[in-house]
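This report refers to the structure that appears directly beneath it.
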């Protein structure tokens, strides 16, 4: 009897111990953060049965509860969970750093700020540059210079044709006209909608260095030049370079040993026949040329509009190309698929009405001829709802492009019917996802993230045109899905700055051979569990870090061996161009402030202001002998400054009185760390010397001291790190706490006022002042928006105190029309 009792006890102990060990409770959020006026919903998942009625939103620095909300229960079983709740905190709009808490479960820190999407659209372009064929700026070398040899042409097979250029499709080095043209169109559409969003950091070749042209236009032109090669004459069109004989393992494009039996590294260039293609056992099922020729026509037509003023000769050429391509598209109606050779996998596109519709809308906008508008209407009615939405399934790229932009352009021409088409498709997605914890009603096809990008694009355009917000929560949920509010808690863009988790081991030769991720690349995304099981050749290289969340209806891995979920693609990446640009544009409207100029680490170093404004910043830790002088000068000149103090400084009784006066006089007072820690190595800047826990504790202690002098965290969101030295990780950690890292404007040189005569980099005050005057004269915009850093306390060895000539600095630049402001709102 005792033995039976013991065995029963042991079984119960093991059961409950195992349940406890394997229990999972998480809160998934958009790790980039949320704009103040946006819909904000997180998702709680648990393997246990729990029934909390409320959750809290808490300040990341003070831990104080700032909002309490009610939970909304959703079915969890399809995700392999027992409990799921949606946590809606949309009505809370105060900017800052926060975390959510439900029971004992806490979310990662995140920000609410208008600028959370700043720079994300430009970040995508990193992946496009990395995928360039011909000269590759990432590798600083060239590849595939022998492209290529024509195949499947009735009379010219075996001839050489120069088609070097464009982008590699994905990890393999195949190049497809259909995905490349869509990539170009998406970028042109994004630029035309929001031209002011895009930056200029690279030249036309993709190398670092501004050239006076937004980088996205450089990338667009790179693609258009390749399009011209793939359509050299009317009726002569090429669909792809290389085929699946390319799939021979990981290697760099500059060392590509793939053998097509053509000699001298030549690759095959497939002529568009409009008939089934494939040079070996496996063939596609092509039926015509409309899908590919329609895409060429729409791309050329939009390019003719986009470059009409900046490059009229190019625009003229693009217009004629568009007209010719559209006629060719109508000459043999049907679809063209990509060609395979050694396997049955290819892009299975089987629709073309959307391509003809989009081409016709662009030709109408280009020529203003109603016949094109009529054709757009005709073809648009042939496909009211994208097939993947209508059928809730599709083959691989069977319905492509995934978003129908032709409907959008028809909506702009009093096309109420086409507004209805968009609405019908969105309603289908809404109804399928309404009961899902993540509001996800899309099929988990291969490249499911492309479908997400398409859905949020369609939802955004519908909302813009109609003013209706009936799909706004679904749109926000799908947006957040891409940035971490998904079962796996990962953003889906490789190496995205500002998120806690993003793909670091994408299925890419760059990762395997060079290490690191493929920055900016949107990975394929989760795939239906049954489909994933049946995919050929998936073999994980590492333990599955997301194993606890791969027990549901879809599978995702951040693993080089999973090409089906973790491979970035150029067209998928470009498909987010418009949406991310729209979010950044929203943020600028909300902020209503000058554009921030940031350094490579992401810290604000200047403001792009039309006004002649200078910001004076002062930092202090254990020295402040010049504080009284600085304060007198500012008071005399009626100027407000910005002071950044450490906890060491604020605890020092010698500085209590002057600190009180600084606060009372209305100057900005912010954090400078608690103990003046060195965050990262002086030589290897990307080497962080502290943990996040140490960083968070240090800053919280700094803010406790600030609160003692009446400065609340919400009033001190600008943070200047100790030693004015930091890296990207420190900037990201700061953002998670709701802080914005700021630093002096490089080149102004006033920060050198700490140097002492025995130092090699010593600069006298006269030299510092002279350099500042020279810098102002040499800059096209002078010191507009510049941040000048001055130390009110320096080592005794420096008897030549720069703060002593602060008044001279102020008088000089005031005489030149500059005004001085603080960072205080």
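Things worth noting here:
- When restricted to residues that are within 18 Å of residue 112 (Cβ to Cβ) and touching a strand residue (DSSP E or B) at 6+ places or on another chain (Cβ under 8 Å), segment 566-592 contains 1.
- Members of segment 225-273 found to be closer than 26 Å to residue 304 by Cα and part of a loop (DSSP other than H, G, I, E, B), listed by number: 231, 232, 234, 235, 237, 272
- Scanning segment 474-483 finds one or more residues that are under 17 Å from the mean Cα position of the chain (by Cα), modelled with pLDDT of 95 or more, under 15 Å from residue 30 (Cα atoms) and surrounded by fewer than 24 Cβ atoms within 10 Å (Cβ to Cβ).
- Condition broken by residue 339, with the remaining ones in (1) out of contact with any strand residue (DSSP E or B) (no Cβ under 7 Å at 6 or more places or on another chain); (2) more than 19 Å from residue 322 (Cβ to Cβ) satisfied: (1)
- Among the residues listed as 639, 658, the single one being touching a strand residue (DSSP E or B) at 6+ places or on another chain (Cβ under 6 Å), surrounded by fewer than 20 Cβ atoms within 10 Å (Cβ to Cβ) and more than 14 Å from residue 722 (Cα to Cα): 639
- Among the residues of segment 97-114, those identified as surrounded by 21 or more Cβ atoms within 10 Å (Cβ to Cβ), closer than 21 Å to residue 491 by Cα and in contact with a strand residue (DSSP E or B) (Cβ under 6 Å, 6 or more places away or on another chain) are 97, 98, 100, 107, 109, 111, 112.
- Spans of helices (runs of 4 or more DSSP H) in segment 679-778 with at least 2 residues touching a helix residue (DSSP H, G or I) at 6+ places or on another chain (Cβ under 6 Å): 692-708, 765-778
- Qualifying residue in segment 797-819 (condition: surrounded by 17 or more Cβ atoms within 10 Å (Cβ to Cβ) and within 31 Å of the chain's Cα centre (by Cα)): no
- Search result, residues across segment 51-80 that are surrounded by 15 or more Cβ atoms within 10 Å (Cβ to Cβ), in contact with a strand residue (DSSP E or B) (Cβ under 7 Å, 6 or more places away or on another chain) and in a loop (DSSP other than H, G, I, E, B): 52, 60, 61, 76
- Filter result (exposed (fewer than 14 other Cβ atoms within 10 Å of the Cβ) and assigned to a helix (DSSP H, G or I)) within segment 662-678: 664
- Of the strands (runs of 3 or more DSSP E) contained entirely in segment 81-158, those carrying at least 2 residues that are under 25 Å from residue 200 (Cα atoms) fall at 134-136, 141-143.
- Within the option set 735, 728, being out of contact with any strand residue (DSSP E or B) (no Cβ under 7 Å at 6 or more places or on another chain), modelled with pLDDT under 95 and closer than 13 Å to residue 603 by Cα holds for one residue only, 728.
- Sole exception among (1) under 28 Å from residue 507 (Cα atoms); (2) surrounded by fewer than 24 Cβ atoms within 10 Å (Cβ to Cβ) for residue 587, by number: (1)
- For segment 684-712, filtering for residues that are surrounded by fewer than 17 Cβ atoms within 10 Å (Cβ to Cβ) and either touching a strand residue (DSSP E or B) at 6+ places or on another chain (Cβ under 8 Å) or closer than 25 Å to residue 665 by Cβ (or both) leaves 9.
- Test: residue in segment 774-785 that is crowded, with 22+ Cβ neighbours inside 10 Å and closer than 30 Å to residue 99 by Cβ: no
- Residue match in segment 192-203 (condition: part of a loop (DSSP other than H, G, I, E, B) and over 18 Å from the mean Cα position of the chain (by Cα)): yes
- On inspection, residue 452 does not qualify as at pLDDT below 95 and on the phi < 0 side of the Ramachandran plot.
The values are calculated or read from the model by the stated rules, or taken from the named source; none is laboratory data. In this text, all values refer to a predicted model and were calculated from it rather than measured experimentally. As a convention, Cβ positions derive from the backbone with ideal geometry for all residues, glycine included, and neighbour counts pool all protein chains shown.
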